[in-house]
1. Across segment 249-307, what is the number of residues that are closer than 16 Å to A133 by Cα and among the basic types (K, R)?
2. With respect to the numbered conditions (1) under 19 Å from T238 (Cβ atoms); (2) at pLDDT 95 or above, which one is the sole condition not fulfilled by A45?
3. Looking at G85, G60, G51, G12, can you tell me which residue is at pLDDT below 95, in contact with a Lys or Arg (Cβ under 9 Å, 6 or more places away or on another chain) and either open to solvent by 30 Å² or more (accessible area, probe 1.4 Å) or in the same structural domain as A161 (by TED's automatic domain parsing) (or both)?
4. Within segment 72-112, can you find the residues that are of a type in the set (V, I, T) and in contact with a helix residue (DSSP H, G or I) (Cβ under 9 Å, 6 or more places away or on another chain)?
5. Limited to segment 131-149, what total is found for residues that are part of a loop (DSSP other than H, G, I, E, B) and either under 19 Å from D57 (Cα atoms) or open to solvent by 50 Å² or more (accessible area, probe 1.4 Å) (or both)?
6. Among the numbered criteria (1) within 10 Å of the ligand (Cβ to nearest atom); (2) under 25 Å from V209 (Cα atoms); (3) touching a strand residue (DSSP E or B) at 6+ places or on another chain (Cβ under 7 Å), which one does Y5 miss?
7. With respect to R315, is the statement that it is within 15 Å of the ligand (Cβ to nearest atom) and open to solvent by 40 Å² or more (accessible area, probe 1.4 Å) true?
8. If I go through segment 325-359 residue by residue, how many of them are touching a strand residue (DSSP E or B) at 6+ places or on another chain (Cβ under 7 Å) and either outside the structural domain of V209 (by TED's automatic domain parsing) or among the charged types (D, E, K, R) (or both)?
Amino acid sequence: MKKRYETIVIGGGIIGVSIAYHLAKAGKQTAVFESGEVGKKASRAAAGMLGAHAECDKPGTFFEFARASQTAYKRLTAELKSVSGIDIRRHDGGILKLAFTESDRARLMEMAALDSAEWLTPQEVYEKEPHAAKGILGANFIRDDVHVEPISVCRAFAKGAKLFGADIFEYAPVFSIEAAAGGGVRIQTASGAAEADHAVIASGVWSGVFFQQLGLNKRFYPVKGECLSVWNDSIPLTRTLYHDHCYIVPRHSGKLVIGATMKAGDWNEQPDADGIEAVMKKAKTMLPRIGGLKIDRCWAGLRPETEDGNPYIGRHPENDSILFAAGHFRNGILLAPATGEMITDMILSRPIEPAWEEAFKVDRKEAVHK
Ligand SMILES: Cc1cc2nc3c(=O)[nH]c(=O)nc-3n(C[C@H](O)[C@H](O)[C@H](O)COP(=O)(O)OP(=O)(O)OC[C@H]3O[C@@H](n4cnc5c(N)ncnc54)[C@H](O)[C@@H]3O)c2cc1C
């Protein structure tokens, strides 16, 4: 391990490796320190939906940021394949957000007025997906809300970063961070100390400890999500079905990913039978025949939630050498490219979209959303 880098990233989830990729590509000497293996925590648990429309009920700064990140994936799909040789398994079918009640319909029709969303009648839905549940009142079809395979994105970012010169240390937990005597920052890891001009904290739901060490009273809340995948060789499905935070995602492999519960405050990363039963119940309301498919596997992950539900992406208010990129809650896969670009722009002193800087800065006054 070198003792000094230009930038150190703490955490090798999708956010950390996206930052490392963008920094290394810009020529910065970068190192990632990851407690375990790259992409194996919340990022691996994700379904991989790039759901800018599916996840936002109204336009605004978050939606604009999500759209920018979704657009960046269009470029990155080919770029990451060419740089790393890894296919991120982008699946272009889009999402059908189903309406079962009049209030669903009213809300979804409002979103259909936005770009790239289209309201479909029940007949039009069944023409696209004949096995969708009977009795729906229509659906919002969102072409741009495609999905990717999260672990492949993590591996592609990490390999790309290495090929651009970054060091990625796995099984290298960081214990502490402080201002370095000669300027910049100093971290203590399991294999010794390292220093850098800048450090970025990107440790998902475990970021709270570093905020506390750095004098910032910000909390992170785990929201556990449980999922399962099933082998599908009998129900044609090309688009993701989505209703009430539950989804059925058709993967390139032929499997369907079904998720996910929302268990606030649960730090246990194991799925339980009640959780899996709950997601199956919701899935059957959208695709009744899904209950007959064979189970592939079940899993769980911890979404990193903040006080107001928005991520922290920005500098420490009193120390420009320390930056944060954590708390991406339900949308870290979607937001990884825009987050990587924004942190890189900050470190390189490039201009940042002022509305994004303001919305995601660390010292904002959070409007509690829970
Ligand atoms: C069931 C489920 C479904 C989801 N579906 C979607 C989806 O479809 N689309 C979407 O956009 N998002 C989705 N998400 C959300 C998404 O997974 C997260 O927002 C995203 O993975 C967060 O990425 P991260 O890198 O911040 O965190 P993580 O992936 O958790 O990575 C943080 C990393 O930091 C490391 N770390 C922690 N402490 C230290 C330390 N002291 N030193 C070194 N390393 C450390 C950890 O080991 C970990 O690898 C889903 C989440 C879940 C749980």
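1. 4
2. Of the numbered conditions (1) under 19 Å from T238 (Cβ atoms); (2) at pLDDT 95 or above, the odd one out for A45 is (1).
3. Of the residues listed, the single one that is at pLDDT below 95, in contact with a Lys or Arg (Cβ under 9 Å, 6 or more places away or on another chain) and either open to solvent by 30 Å² or more (accessible area, probe 1.4 Å) or in the same structural domain as A161 (by TED's automatic domain parsing) (or both) is G51.
4. Of all residues in segment 72-112, those of a type in the set (V, I, T) come to 77, 83, 86, 88, 95, 101.
Hits for segment 72-112 are V83, I86, I88.
5. Total meeting the criteria: 8.
6. (1)
7. no
8. 2
The values are calculated or read from the model by the stated rules, or taken from the named source; none is laboratory data. Here the structure is a predicted model, which means the values were calculated and not measured. Note that we place each Cβ from the backbone using ideal geometry, even for glycine, and neighbour counts take in every protein chain shown. Surface accessibility is based on the protein's heavy atoms, side chains included, excluding ligands, DNA and RNA. Shrake-Rupley method; radii C 1.70, N 1.55, O 1.52, S 1.80 Å.
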